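Undergrad: Structure provided below as structure tokens; questions to follow.
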Amino acid sequence: MHFAMTSTPTMSWVIQQLREAMPFGLQPRYMFRDNDGIYGTEVKAFLDHCGIEEVRIAYRSPWQTPYIERFIGTLRRELLDHVIILNQKYLKHLLTEYIDDYYHVARPHQGLDGETPIPQSKPEPITGAKIISIPVVGGLHHRYERLAA
């Protein structure tokens, strides 16, 4: 997983982010993208050189990239609507903690029948066992674990 942010994106910045997102020659077969003018011709040339087929979605058609649209909506509702972003470093910290410590580990996903993307072992139910709450993302969310008897 790779994410980066800047207040002034340029075509060369986008190309550099694509390089960093595909280390050691591990590139996808396709890249779905919108029609933002920042991509220009150099991004297409870079993708062609890497053997990645560029797939451009239709104008004003976010439903053509449903997985990322769903993730961004979830990210906004569950994190960004509840915090004030102080600076770029703080945003990166929040995103990393949200994704690594909550989204993939503790948050149930409807498309996975209530499971998490990273499977967790489920201990046998114990009557009277104590459950503890572990704050995640500064206490905005919690992960719950059963204490060993």
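The values are calculated or read from the model by the stated rules, or taken from the named source; none is laboratory data. Computed from a predicted model, the values in this text were never measured in an experiment. No Cβ is skipped: glycine too gets one built from the backbone with ideal geometry, and neighbour counts run over all protein chains shown.
Undergrad: Just for segment 39-55: of the residues that are exposed (fewer than 14 other Cβ atoms within 10 Å of the Cβ) and within 23 Å of the chain's Cα centre (by Cα), which one is farthest from Pro9 (Cα to Cα)?
TA: Glu53
Undergrad: Would you mind finding the one in Arg77, Arg70, Arg146 that is more than 17 Å from Met5 (Cα to Cα), surrounded by 12 or more Cβ atoms within 10 Å (Cβ to Cβ) and within 17 Å of the chain's Cα centre (by Cα)?
TA: Only one candidate qualifies: Arg70.
Undergrad: Within segment 1-38, track down each residue that is assigned to a loop (DSSP other than H, G, I, E, B), of a type in the set (Val, Ile, Thr) and within 18 Å of the chain's Cα centre (by Cα).
TA: Matches in segment 1-38: Thr6 only.
Undergrad: Please state which of the following conditions Val55 fails to meet, knowing it meets all the rest: (1) modelled with pLDDT of 90 or more; (2) farther than 15 Å from His2 by Cβ; (3) assigned to a helix (DSSP H, G or I).
TA: (3)
Undergrad: Moving on. Pull out all pairs, ordered by first then second residue, where Cβ-Cβ is under 7 Å, the residues are six or more apart or on different chains, the first lies in segment 110-122 and is of a type in the set (Val, Ile, Thr), and the second is surrounded by 10 or more Cβ atoms within 10 Å (Cβ to Cβ).
TA: Thr116/His104; Thr116/Val105; Thr116/Ala106; Thr116/Arg107; Thr116/His109; Ile118/His104; Ile118/Val105
Undergrad: Do we have Gly128 as loosely packed, with under 14 Cβ neighbours inside 10 Å and over 22 Å from Met1 (Cβ atoms) here?
TA: Answer is yes for this residue.
Undergrad: What number of residues within segment 102-111 are surrounded by 15 or more Cβ atoms within 10 Å (Cβ to Cβ) and over 13 Å from Tyr144 (Cβ atoms)?
TA: Number of matching residues: 1.
Undergrad: Can I ask one more? So is Phe3 closer than 29 Å to Gln110 by Cβ, at pLDDT below 95 and not acidic (Asp, Glu) or not?
TA: It is true that Phe3 is closer than 29 Å to Gln110 by Cβ, at pLDDT below 95 and not acidic (Asp, Glu).
Undergrad: Would you say Gly25 is of a type in the set (Gly, Ala, Ser), surrounded by 13 or more Cβ atoms within 10 Å (Cβ to Cβ) and more than 28 Å from Gly111 (Cα to Cα)?
TA: Judged against the criteria, Gly25 is not a match.
Undergrad: If you scan segment 58-101, which residues turn out to be touching a residue at least 24 places away in the same chain (Cβ under 8 Å) and outside any helix (DSSP H, G or I)?
TA: Within segment 58-101, Tyr59, Thr65, Leu79, Val83 qualify.
Undergrad: Hey, another quick one. Residues that are within 28 Å of Asp36 (Cβ to Cβ), of a type in the set (Asp, Glu) and in contact with a Pro (Cβ under 9 Å, 6 or more places away or on another chain): does segment 65-72 have at least one?
TA: Residues of segment 65-72 that are within 28 Å of Asp36 (Cβ to Cβ), as a first pass: 65-72.
Still in the running and of a type in the set (Asp, Glu): 69.
From what's left, in contact with a Pro (Cβ under 9 Å, 6 or more places away or on another chain): 69.
Within segment 65-72, one or more residues are within 28 Å of Asp36 (Cβ to Cβ), of a type in the set (Asp, Glu) and in contact with a Pro (Cβ under 9 Å, 6 or more places away or on another chain).
For every residue, the table says whether it meets (1) in contact with a Cys (Cβ under 8 Å, 6 or more places away or on another chain); (2) among the aliphatic types (A, V, I, L, M); (3) farther than 30 Å from Ile15 by Cα; (4) modelled with pLDDT under 90.
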site	(1), (2), (3), (4)
Thr96	no, no, no, no
Ile126	no, yes, yes, yes
Ser133	no, no, yes, no
His141	no, no, yes, no
